[in-house]
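Data block below; observations after.
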(Lines give C-alpha, C1' and ligand atoms only; values in the text may rest on other atoms or scores of the structure.)
Protein backbone atom coordinates (compact mmCIF):
# COMPACT_ATOMS: atom_id res chain seq x y z
CA UNK A 1 0.00 0.00 0.00
CA UNK A 2 2.75 2.32 0.65
CA UNK A 3 4.01 2.01 -2.86
CA UNK A 4 0.57 2.59 -4.51
CA UNK A 5 0.18 6.26 -3.65
CA UNK A 6 3.18 7.43 -5.47
CA UNK A 7 2.01 5.53 -8.55
CA UNK A 8 -1.40 7.26 -8.45
CA UNK A 9 0.18 10.61 -7.97
CA UNK A 10 2.55 9.87 -10.76
CA UNK A 11 -0.30 8.84 -13.06
CA UNK A 12 -2.22 11.96 -12.13
CA UNK A 13 0.75 14.15 -12.81
CA UNK A 14 1.32 12.35 -16.09
CA UNK A 15 -2.32 12.87 -17.13
CA UNK A 16 -2.14 16.55 -16.16
CA UNK A 17 1.12 16.96 -17.96
CA UNK A 18 -0.24 15.23 -21.08
CA UNK A 19 -3.43 17.29 -21.20
CA UNK A 20 -1.66 20.57 -20.52
CA UNK A 21 0.97 19.69 -23.16
CA UNK A 22 -1.77 18.99 -25.69
CA UNK A 23 -3.43 22.26 -24.91
CA UNK A 24 -0.07 24.07 -25.29
CA UNK A 25 0.57 22.50 -28.65
CA UNK A 26 -2.90 23.44 -29.81
CA UNK A 27 -2.34 27.04 -28.78
CA UNK A 28 1.02 27.14 -30.55
CA UNK A 29 -0.51 25.68 -33.73
CA UNK A 30 -3.24 28.27 -33.64
CA UNK A 31 -0.76 31.12 -33.22
CA UNK A 32 1.41 29.85 -36.06
CA UNK A 33 -1.58 29.38 -38.35
CA UNK A 34 -2.72 32.89 -37.55
CA UNK A 35 0.59 34.62 -38.26
CA UNK A 36 1.83 32.67 -41.30
CA UNK A 37 -0.68 34.27 -43.70
CA UNK A 38 0.10 37.64 -42.15
CA UNK A 39 3.82 37.18 -42.80
CA UNK A 40 3.16 36.18 -46.42
CA UNK A 41 0.95 39.17 -46.90
CA UNK A 42 3.64 41.47 -45.50
CA UNK A 43 6.28 40.00 -47.81
CA UNK A 44 4.15 40.14 -50.93
CA UNK A 45 2.55 43.53 -50.39
CA UNK A 46 5.33 45.32 -48.63
CA UNK A 47 2.93 46.83 -46.01
CA UNK A 48 0.75 45.72 -43.18
CA UNK A 49 -2.85 44.70 -44.10
CA UNK A 50 -5.84 46.66 -42.75
CA UNK A 51 -7.63 45.39 -39.61
CA UNK A 52 -10.60 43.95 -41.54
CA UNK A 53 -8.37 41.81 -43.71
CA UNK A 54 -6.37 40.66 -40.68
CA UNK A 55 -9.61 39.62 -38.91
CA UNK A 56 -10.84 37.72 -41.92
CA UNK A 57 -7.55 35.81 -42.16
CA UNK A 58 -7.67 35.00 -38.44
CA UNK A 59 -11.25 33.70 -38.72
CA UNK A 60 -10.38 31.51 -41.70
CA UNK A 61 -7.35 30.05 -39.88
CA UNK A 62 -9.43 29.40 -36.75
CA UNK A 63 -11.96 27.44 -38.79
CA UNK A 64 -9.14 25.46 -40.43
CA UNK A 65 -7.65 24.58 -36.98
CA UNK A 66 -11.07 23.51 -35.71
CA UNK A 67 -11.60 21.26 -38.68
CA UNK A 68 -8.17 19.71 -38.12
CA UNK A 69 -8.76 19.03 -34.40
CA UNK A 70 -12.13 17.32 -35.08
CA UNK A 71 -10.70 15.27 -38.00
CA UNK A 72 -13.53 16.57 -40.23
CA UNK A 73 -11.46 16.05 -43.37
CA UNK A 74 -14.47 15.21 -45.51
CA UNK A 75 -16.21 18.53 -44.86
CA UNK A 76 -16.14 20.86 -47.90
CA UNK A 77 -13.99 23.93 -47.77
CA UNK A 78 -15.99 27.09 -47.15
CA UNK A 79 -17.11 29.05 -50.21
CA UNK A 80 -14.45 31.49 -51.46
CA UNK A 81 -11.54 29.40 -50.09
CA UNK A 82 -11.10 26.73 -52.79
CA UNK A 83 -7.84 26.01 -54.66
CA UNK A 84 -9.20 27.67 -57.78
CA UNK A 85 -10.12 30.73 -55.76
CA UNK A 86 -6.66 30.98 -54.24
CA UNK A 87 -4.76 30.16 -57.48
CA UNK A 88 -6.93 31.20 -60.44
CA UNK A 89 -5.80 30.10 -63.90
CA UNK A 90 -4.21 32.96 -65.89
CA UNK A 91 -6.32 34.43 -68.63
CA UNK A 92 -5.18 34.87 -72.24
CA UNK A 93 -5.18 38.63 -71.94
CA UNK A 94 -2.84 38.42 -68.95
CA UNK A 95 -0.28 36.46 -70.93
CA UNK A 96 -0.70 38.36 -74.18
CA UNK A 97 -1.85 41.91 -73.49
CA UNK A 98 -3.43 43.91 -76.26
CA UNK A 99 -1.53 46.64 -78.10
CA UNK A 100 -3.08 49.32 -75.89
CA UNK A 101 -2.11 47.43 -72.74
CA UNK A 102 1.42 46.40 -73.73
CA UNK A 103 4.39 47.95 -71.98
CA UNK A 104 7.56 49.17 -73.68
CA UNK A 105 10.32 46.56 -73.83
CA UNK A 106 13.57 47.79 -72.32
CA UNK A 107 17.07 46.75 -73.30
CA UNK A 108 20.22 46.68 -71.19
CA UNK A 109 21.51 49.61 -73.20
CA UNK A 110 18.61 51.69 -71.82
CA UNK A 111 20.21 51.51 -68.39
CA UNK A 112 23.78 52.31 -69.46
CA UNK A 113 25.15 55.88 -69.46
CA UNK A 114 24.23 57.81 -72.56
CA UNK A 115 27.06 58.46 -74.97
CA UNK A 116 27.40 60.66 -77.97
CA UNK A 117 26.57 58.71 -81.11
CA UNK A 118 29.26 58.87 -83.77
CA UNK A 119 27.97 58.94 -87.30
CA UNK A 120 29.71 56.33 -89.52
CA UNK A 121 31.79 57.58 -92.38
CA UNK A 122 30.07 57.28 -95.74
CA UNK A 123 31.25 54.24 -97.74
CA UNK A 124 33.66 54.91 -100.62
CA UNK A 125 31.12 53.48 -103.03
CA UNK A 126 27.38 53.07 -103.15
CA UNK A 127 26.23 49.60 -102.19
CA UNK A 128 23.94 47.81 -104.66
CA UNK A 129 24.04 50.74 -107.03
CA UNK A 130 24.10 50.52 -110.80
CA UNK A 131 26.08 53.76 -110.94
CA UNK A 132 28.57 53.82 -108.05
CA UNK A 133 29.89 57.23 -107.11
CA UNK A 134 33.47 56.00 -106.70
CA UNK A 135 34.99 52.97 -108.49
CA UNK A 136 35.54 49.93 -106.33
CA UNK A 137 38.99 49.71 -104.78
CA UNK A 138 40.46 46.35 -103.78
CA UNK A 139 41.27 46.25 -100.05
CA UNK A 140 44.94 46.74 -99.29
CA UNK A 141 46.91 43.73 -98.15
CA UNK A 142 50.50 42.86 -97.32
CA UNK A 143 53.02 41.30 -99.70
CA UNK A 144 52.50 37.56 -99.96
CA UNK A 145 55.54 35.28 -100.23
CA UNK A 146 55.38 31.52 -99.83
CA UNK A 147 57.00 28.25 -100.84
CA UNK A 148 54.84 25.78 -102.76
CA UNK A 149 55.75 22.23 -103.74
CA UNK A 150 55.10 21.63 -107.46
CA UNK A 151 55.27 18.39 -109.42
CA UNK A 152 56.59 20.23 -112.48
CA UNK A 153 59.44 21.96 -110.65
CA UNK A 154 63.02 21.15 -111.61
CA UNK A 155 63.54 18.34 -109.09
CA UNK A 156 63.35 15.51 -108.32
CA UNK A 157 64.41 14.42 -111.79
CA UNK A 158 64.93 10.83 -112.94
CA UNK A 159 65.45 11.39 -116.68
CA UNK A 160 68.55 11.70 -118.84
CA UNK A 161 71.13 14.43 -119.11
CA UNK A 162 70.63 15.72 -122.70
CA UNK A 163 74.30 16.63 -122.97
CA UNK A 164 75.30 12.94 -122.79
CA UNK A 165 72.00 11.06 -123.11
CA UNK A 166 73.09 9.21 -119.97
CA UNK A 167 70.91 8.96 -116.86
CA UNK A 168 71.14 12.07 -114.75
CA UNK A 169 71.50 10.03 -111.55
CA UNK A 170 74.66 8.31 -112.73
CA UNK A 171 76.08 6.98 -109.48
CA UNK A 172 74.77 4.80 -106.68
CA UNK A 173 75.84 3.61 -103.24
CA UNK A 174 73.61 0.88 -101.94
CA UNK A 175 70.06 2.19 -102.33
CA UNK A 176 71.32 5.76 -102.50
CA UNK A 177 71.54 7.46 -105.89
CA UNK A 178 73.42 10.56 -106.91
CA UNK A 179 74.86 12.66 -109.71
CA UNK A 180 78.51 13.11 -110.52
CA UNK A 181 78.93 16.66 -111.82
CA UNK A 182 81.36 17.90 -114.48
CA UNK A 183 83.80 18.84 -111.73
CA UNK A 184 83.80 15.23 -110.52
CA UNK A 185 81.98 15.95 -107.28
CA UNK A 186 79.11 13.68 -106.30
CA UNK A 187 75.82 15.16 -105.12
CA UNK A 188 73.23 12.82 -103.65
CA UNK A 189 69.64 12.88 -104.83
CA UNK A 190 68.11 12.94 -101.34
CA UNK A 191 70.20 15.96 -100.32
CA UNK A 192 70.59 18.01 -103.51
CA UNK A 193 67.92 17.04 -106.03
CA UNK A 194 64.77 16.38 -104.00
CA UNK A 195 63.43 19.86 -103.21
CA UNK A 196 60.37 20.52 -105.40
CA UNK A 197 59.45 23.85 -103.84
CA UNK A 198 58.89 27.08 -105.73
CA UNK A 199 59.01 30.54 -104.18
CA UNK A 200 55.95 32.59 -105.12
CA UNK A 201 55.61 36.29 -104.44
CA UNK A 202 52.61 38.55 -105.01
CA UNK A 203 53.16 42.25 -104.12
CA UNK A 204 50.46 44.07 -102.20
CA UNK A 205 49.76 46.39 -105.14
CA UNK A 206 49.41 43.61 -107.71
CA UNK A 207 46.07 43.59 -109.57
CA UNK A 208 45.26 40.58 -111.73
CA UNK A 209 42.63 42.59 -113.63
CA UNK A 210 45.32 44.82 -115.11
CA UNK A 211 48.08 43.95 -117.62
CA UNK A 212 50.82 42.18 -115.72
CA UNK A 213 53.88 39.99 -116.06
CA UNK A 214 55.22 36.84 -114.38
CA UNK A 215 58.93 36.94 -113.51
CA UNK A 216 60.59 33.51 -113.45
CA UNK A 217 63.92 33.60 -111.59
CA UNK A 218 66.52 30.84 -111.98
CA UNK A 219 69.07 31.19 -109.20
CA UNK A 220 72.73 30.30 -109.51
CA UNK A 221 74.97 27.70 -107.91
CA UNK A 222 75.25 27.18 -104.18
CA UNK A 223 71.90 28.75 -103.34
CA UNK A 224 68.67 28.15 -101.47
CA UNK A 225 65.41 30.01 -101.92
CA UNK A 226 65.14 31.41 -98.41
CA UNK A 227 68.75 32.23 -97.60
CA UNK A 228 69.81 33.56 -101.01
CA UNK A 229 66.91 34.41 -103.33
CA UNK A 230 64.77 36.01 -100.66
CA UNK A 231 67.13 37.31 -97.96
CA UNK A 232 70.46 37.98 -99.72
CA UNK A 233 69.51 38.77 -103.31
CA UNK A 234 66.21 40.44 -102.30
CA UNK A 235 64.42 39.26 -105.44
CA UNK A 236 60.87 39.50 -104.01
CA UNK A 237 61.64 42.92 -102.55
CA UNK A 238 63.00 44.21 -105.87
CA UNK A 239 59.80 43.19 -107.61
CA UNK A 240 57.67 44.95 -105.02
CA UNK A 241 59.86 48.08 -105.00
CA UNK A 242 59.67 48.38 -108.78
CA UNK A 243 55.95 49.13 -108.59
CA UNK A 244 55.40 46.99 -111.68
CA UNK A 245 52.31 44.81 -111.87
CA UNK A 246 54.42 41.66 -111.58
CA UNK A 247 54.56 38.40 -109.60
CA UNK A 248 57.46 36.01 -109.00
CA UNK A 249 58.12 32.31 -109.53
CA UNK A 250 61.52 31.00 -108.39
CA UNK A 251 62.00 27.20 -108.49
CA UNK A 252 64.59 25.59 -106.26
CA UNK A 253 67.37 24.22 -108.45
CA UNK A 254 70.23 22.08 -107.08
CA UNK A 255 70.25 22.79 -103.34
CA UNK A 256 73.36 24.60 -102.18
CA UNK A 257 75.52 22.90 -104.82
CA UNK A 258 77.96 23.94 -107.54
CA UNK A 259 75.70 22.45 -110.19
CA UNK A 260 73.63 24.12 -112.93
CA UNK A 261 71.53 21.08 -113.89
CA UNK A 262 68.13 22.03 -115.31
CA UNK A 263 66.21 18.94 -114.21
CA UNK A 264 62.69 18.81 -115.66
CA UNK A 265 63.37 22.00 -117.63
CA UNK A 266 65.54 19.84 -119.89
CA UNK A 267 62.42 18.02 -121.04
CA UNK A 268 60.37 19.17 -124.06
CA UNK A 269 57.36 21.09 -122.75
CA UNK A 270 58.80 21.15 -119.23
CA UNK A 271 58.59 24.92 -118.88
CA UNK A 272 55.04 24.94 -120.27
CA UNK A 273 53.95 22.37 -117.67
CA UNK A 274 55.63 24.40 -114.96
CA UNK A 275 53.78 27.57 -115.93
CA UNK A 276 50.45 25.74 -116.29
CA UNK A 277 50.70 24.25 -112.80
CA UNK A 278 51.70 27.58 -111.29
CA UNK A 279 48.49 29.35 -112.36
CA UNK A 280 46.27 27.69 -109.76
CA UNK A 281 48.83 28.28 -107.01
CA UNK A 282 49.23 31.95 -107.94
CA UNK A 283 45.46 32.43 -108.04
CA UNK A 284 45.13 30.82 -104.61
CA UNK A 285 47.90 32.99 -103.18
CA UNK A 286 46.37 36.09 -104.74
CA UNK A 287 43.05 35.21 -103.13
CA UNK A 288 40.86 35.01 -106.22
CA UNK A 289 40.38 31.61 -107.92
CA UNK A 290 38.97 33.37 -110.99
CA UNK A 291 42.35 35.03 -111.58
CA UNK A 292 43.87 31.71 -112.75
CA UNK A 293 42.84 32.49 -116.32
CA UNK A 294 44.63 35.84 -116.17
CA UNK A 295 47.82 34.20 -114.86
CA UNK A 296 47.60 31.57 -117.59
CA UNK A 297 47.82 34.29 -120.27
CA UNK A 298 50.29 36.70 -118.70
CA UNK A 299 53.58 37.48 -120.46
CA UNK A 300 56.73 36.02 -118.92
CA UNK A 301 60.13 37.52 -118.20
CA UNK A 302 62.88 35.00 -117.42
CA UNK A 303 65.79 36.13 -115.24
CA UNK A 304 68.82 33.83 -115.06
CA UNK A 305 71.68 34.48 -112.68
CA UNK A 306 75.03 32.72 -112.99
CA UNK A 307 74.32 28.97 -113.26
CA UNK A 308 70.68 29.81 -113.96
CA UNK A 309 71.70 30.21 -117.62
CA UNK A 310 71.17 26.49 -118.25
CA UNK A 311 67.47 26.19 -117.29
CA UNK A 312 66.90 29.56 -119.01
CA UNK A 313 68.37 28.39 -122.29
CA UNK A 314 66.53 25.05 -122.32
CA UNK A 315 63.23 26.70 -121.36
CA UNK A 316 63.59 28.97 -124.40
CA UNK A 317 64.61 26.10 -126.68
CA UNK A 318 62.23 23.26 -125.74
CA UNK A 319 59.96 24.78 -123.09
CA UNK A 320 56.91 24.89 -125.35
CA UNK A 321 55.85 28.50 -124.72
CA UNK A 322 58.78 30.55 -125.95
CA UNK A 323 56.42 32.98 -127.71
CA UNK A 324 54.90 33.90 -124.37
CA UNK A 325 58.34 34.93 -123.08
CA UNK A 326 58.58 38.68 -123.74
CA UNK A 327 61.91 39.33 -122.07
CA UNK A 328 65.12 37.60 -120.94
CA UNK A 329 67.59 39.05 -118.43
CA UNK A 330 70.94 37.34 -117.84
CA UNK A 331 72.97 38.48 -114.85
CA UNK A 332 76.60 37.43 -115.38
CA UNK A 333 75.20 34.21 -116.79
CA UNK A 334 76.46 33.60 -120.36
CA UNK A 335 78.55 30.49 -119.69
CA UNK A 336 77.32 28.55 -122.72
CA UNK A 337 74.30 27.58 -124.84
CA UNK A 338 74.97 30.60 -127.11
CA UNK A 339 73.11 29.07 -130.04
CA UNK A 340 69.90 28.74 -128.01
CA UNK A 341 69.99 32.38 -126.91
CA UNK A 342 70.83 33.65 -130.40
CA UNK A 343 68.04 31.60 -131.95
CA UNK A 344 65.41 32.89 -129.52
CA UNK A 345 66.50 36.53 -130.00
CA UNK A 346 66.38 36.17 -133.77
CA UNK A 347 62.90 34.62 -133.77
CA UNK A 348 61.32 36.93 -131.19
CA UNK A 349 61.96 40.47 -132.36
CA UNK A 350 59.05 41.88 -130.35
CA UNK A 351 60.73 40.82 -127.08
CA UNK A 352 63.80 42.22 -125.36
CA UNK A 353 67.08 40.69 -124.24
CA UNK A 354 69.49 42.07 -121.62
CA UNK A 355 72.80 40.55 -120.60
CA UNK A 356 74.99 42.21 -117.99
CA UNK A 357 78.40 40.69 -117.38
CA UNK A 358 81.68 40.87 -115.49
CA UNK A 359 85.12 39.81 -116.67
CA UNK A 360 84.25 36.18 -115.84
CA UNK A 361 81.76 35.91 -118.72
CA UNK A 362 83.02 38.78 -120.92
CA UNK A 363 84.46 36.47 -123.61
CA UNK A 364 81.18 34.55 -124.07
CA UNK A 365 79.06 37.71 -124.08
CA UNK A 366 81.24 39.26 -126.80
CA UNK A 367 80.95 36.08 -128.82
CA UNK A 368 77.15 36.20 -128.55
CA UNK A 369 77.16 39.86 -129.63
CA UNK A 370 79.16 38.93 -132.70
CA UNK A 371 76.74 36.14 -133.58
CA UNK A 372 73.79 38.54 -133.40
CA UNK A 373 75.45 41.23 -135.48
CA UNK A 374 76.18 38.68 -138.17
CA UNK A 375 72.44 38.00 -138.23
CA UNK A 376 71.78 41.73 -138.73
CA UNK A 377 70.48 42.30 -135.21
CA UNK A 378 71.43 45.64 -133.65
CA UNK A 379 73.06 45.55 -130.23
CA UNK A 380 73.23 48.30 -127.60
CA UNK A 381 75.93 48.35 -124.93
CA UNK A 382 74.34 50.50 -122.25
CA UNK A 383 71.17 50.55 -120.17
CA UNK A 384 70.64 54.28 -120.29
CA UNK A 385 67.95 54.17 -122.95
CA UNK A 386 64.44 52.81 -122.63
CA UNK A 387 63.55 49.18 -123.25
CA UNK A 388 61.63 48.79 -126.49
CA UNK A 389 60.29 45.82 -128.42
CA UNK A 390 63.31 44.13 -129.95
CA UNK A 391 65.86 45.81 -127.65
CA UNK A 392 69.08 43.79 -127.31
CA UNK A 393 71.37 45.19 -124.64
CA UNK A 394 74.77 44.03 -123.35
CA UNK A 395 76.21 45.87 -120.34
CA UNK A 396 79.74 45.34 -119.04
CA UNK A 397 80.32 46.20 -115.39
CA UNK A 398 83.60 47.30 -113.79
CA UNK A 399 86.05 45.54 -111.56
CA UNK A 400 84.44 46.81 -108.37
CA UNK A 401 81.35 44.71 -109.00
CA UNK A 402 81.52 41.18 -107.60
CA UNK A 403 79.79 38.14 -109.04
CA UNK A 404 78.32 37.11 -105.67
CA UNK A 405 76.48 40.44 -105.26
CA UNK A 406 75.44 40.76 -108.89
CA UNK A 407 71.69 40.35 -108.28
CA UNK A 408 71.69 43.42 -106.04
CA UNK A 409 74.52 45.40 -107.67
CA UNK A 410 75.33 45.24 -111.37
CA UNK A 411 75.10 48.29 -113.70
CA UNK A 412 72.97 49.83 -110.94
CA UNK A 413 71.66 49.01 -107.51
CA UNK A 414 68.93 46.37 -107.68
CA UNK A 415 69.17 45.66 -111.43
CA UNK A 416 66.01 43.52 -111.53
CA UNK A 417 64.04 46.44 -110.16
CA UNK A 418 65.59 48.71 -112.81
CA UNK A 419 64.55 46.39 -115.65
CA UNK A 420 60.95 46.23 -114.40
CA UNK A 421 60.78 50.01 -114.00
CA UNK A 422 62.02 50.55 -117.57
CA UNK A 423 59.63 47.88 -118.82
CA UNK A 424 56.61 49.45 -117.14
CA UNK A 425 57.57 52.93 -118.39
CA UNK A 426 57.45 51.85 -122.05
CA UNK A 427 53.81 51.71 -123.19
CA UNK A 428 54.75 50.31 -126.58
CA UNK A 429 56.53 47.30 -125.08
CA UNK A 430 54.43 44.20 -125.81
CA UNK A 431 54.88 42.62 -122.40
CA UNK A 432 53.11 45.50 -120.62
CA UNK A 433 49.81 44.18 -121.87
CA UNK A 434 48.29 40.77 -122.43
CA UNK A 435 48.62 40.25 -126.18
CA UNK A 436 45.60 38.96 -128.12
CA UNK A 437 47.75 36.17 -129.50
CA UNK A 438 48.91 34.92 -126.10
CA UNK A 439 46.42 32.07 -126.07
CA UNK A 440 47.68 30.82 -129.43
CA UNK A 441 51.27 31.37 -128.40
CA UNK A 442 50.88 29.13 -125.34
CA UNK A 443 50.40 26.14 -127.61
CA UNK A 444 53.67 26.54 -129.44
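Return the total of residues in region 274-284 being surrounded by fewer than 19 Cβ atoms within 10 Å (Cβ to Cβ) and either touching a residue at least 12 places away in the same chain (Cβ under 8 Å) or over 13 Å from the mean Cα position of the chain (by Cα) (or both). So that I can check it myself, show each step before the final result.
Here is the first cut: in region 274-284, the ones surrounded by fewer than 19 Cβ atoms within 10 Å (Cβ to Cβ) are 276-277, 279-281, 284.
With either touching a residue at least 12 places away in the same chain (Cβ under 8 Å) or over 13 Å from the mean Cα position of the chain (by Cα) (or both) added as a condition, the list becomes 276-277, 279-281.
Residues flagged as surrounded by fewer than 19 Cβ atoms within 10 Å (Cβ to Cβ) and either touching a residue at least 12 places away in the same chain (Cβ under 8 Å) or over 13 Å from the mean Cα position of the chain (by Cα) (or both) within region 274-284 amount to 5.
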Legend entry - Any chance residue 214 is on the phi < 0 side of the Ramachandran plot and assigned to a helix (DSSP H, G or I): no
Inset, instruction - Could you tell me whether region 341-348 includes any residue that is modelled with pLDDT under 95 and out of contact with any strand residue (DSSP E or B) (no Cβ under 9 Å at 6 or more places or on another chain)? - result: no
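The values are calculated or read from the model by the stated rules, or taken from the named source; none is laboratory data. Everything quoted here is computed from the prediction, not taken from an experiment. We place every Cβ from the backbone using ideal geometry, glycine too, and count neighbours over all the protein chains shown.
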